[in-house]
Amino acid sequence: MMPTRRGDGRIAFAYLAPALLVLAGLMGYPVYQLVLISLFDYGQEQVSGGAPLAFLGLGNYTKLLSQDRFWAVLGQTVGFAAVCVAGTLLVGAVLAVLATRVRTWARMTLFLAALGAWATPAVAGSTIWLFLFDANFGFVNEVLGTTGFSWTYDKWVAFGLVAAQVVWCSFPFVMVTLYAGIKSIPGEVLEAAALDGASTVKTATSVILPLLRPLLIVVTIQSVIWDFKVFTQIYVMTGGGGIAGRNLVLNVYAYQQAFAASEYGLGAAIGVVMTVLLLAVTVGYLRALRRSGEVL
């Protein structure tokens, strides 16, 4: 007797249950605390015990959503994350295809270089990029003949520099994942497409991409989550958010509100808003794919 779909779902849930319990303990309680703090007037006096906690309800959220600064930072965060995700997917996909077409020694060199970028800690990588693009002693300015040019002074140039660094340290995940997906495609499928007279572009768009779509879903969602909550690169490379906070993103903005301004409740509210936005984007993306007939 063949198992029913409901039975398959129960079996799958049983296998996932231990991991779900661990995640609930590691993530559920911190999220609960984050939400709880966001409902109170929680500042330095409350932390030190000099003043009682005052329940504000949605007061921190009302204050946050009424700030023009918040909406400006949110817009910058969305735009910055979109550029990083698009760049990461493009570079990763191109190099994954390239890795399938070069010799073994070239492929190993590419993978080792990518592994170095992937394994480099964010603080170390950001600092190295600052050295490379230093206005007076940077290698890049020496090569371009633009000694004295500051890559972190102008708002958009600084965002571009940080986005390039984020793409540099993120593309290896996409590259390796898509490379594995391409290598798993049966050769007979590609041979059949060639026999049917399909061009390279037609084969890529009509054969390879549909087969890689499940992997593309994974790397896209993962990239959105990573790039939307970037903190280290912005904080290190722009000195905490740029001149007068011109290069702030939500994670750095939350840090400033919580630890620089000692408004922990407001900082927690920003964290909750970020979590809700990421959940909404992820669920919306998956629902759109399901409506289009994609098997998830």
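The values are calculated or read from the model by the stated rules, or taken from the named source; none is laboratory data. Remember, it's a predicted structure, so these values are computed and weren't measured experimentally. Here Cβ is always computed from backbone atoms with ideal geometry, including for glycine, and neighbour counts include all displayed protein chains. Ligands, DNA and RNA are excluded from the accessible area calculation, which covers all protein heavy atoms including side chains. Shrake-Rupley method; radii C 1.70, N 1.55, O 1.52, S 1.80 Å.
When the alpha carbon coordinates of the stretch 60-166 are projected onto the principal axes, the ranges are 58, 34, 21 Å, largest first.
For the chain, the relative contact order is 26 percent, taking Cα pairs closer than 8 Å that sit 6 or more residues apart in sequence and dividing their mean separation by the residue count. Per-residue 3J(HN,Hα) values for the stretch 239-255, derived from phi via the Karplus relation 6.51 cos²θ - 1.76 cosθ + 1.60 with θ = phi - 60°, read x, x, x, x, 5, 6, x, 5, 10, 6, 10, 4, 5, 5, 4, 4, 4 Hz in sequence order (x marks Gly and Pro).
How large, in percent, is the carbon and sulfur part of the accessible surface of the stretch 18-292 at a probe radius of 1.4 Å? Could the numbers behind the result be given before it?
Working: 10630 of 15220 Å².
Percent of accessible area from carbon and sulfur atoms in the stretch 18-292: 70.
Per residue, the accessible area of the stretch 18-292 comes to 55 Å² when a 1.4 Å probe rolls over the protein heavy atoms. Working note: 222 nm ellipticity from helices only, DSSP H runs with n ≥ 4, each -39,500 (n - 2.57), summed and divided by the residues of the chain, gives -22500 deg cm²/dmol to the nearest 500.
For q values of 0.23, 0.24, 0.25 Å⁻¹, compute log₁₀ I(q)/I(0) with the Debye formula on a Cα-only model of the stretch 14-105, without solvent. Log-scaled intensity ratios, in q order: -1.06, -1.08, -1.11.
Above 18 Å, the calculated P(r) of the stretch 136-220 contains 62 percent of its Cα-Cα pairs.
Using alpha carbons only, the radius of gyration of the stretch 177-296 set against its Kirkwood radius gives Rg/Rh = 1.20.
Taking the average, over residues, of other Cβ atoms within 10 Å as the packing measure, peptides 180-188, 52-60, 239-247 rank 239-247, 52-60, 180-188 from highest down. The alpha carbon gyration tensor of the chain gives principal lengths a ≥ b ≥ c with a/c of 1.5 or higher and a/b no greater than b/c, which makes the shape oblate.
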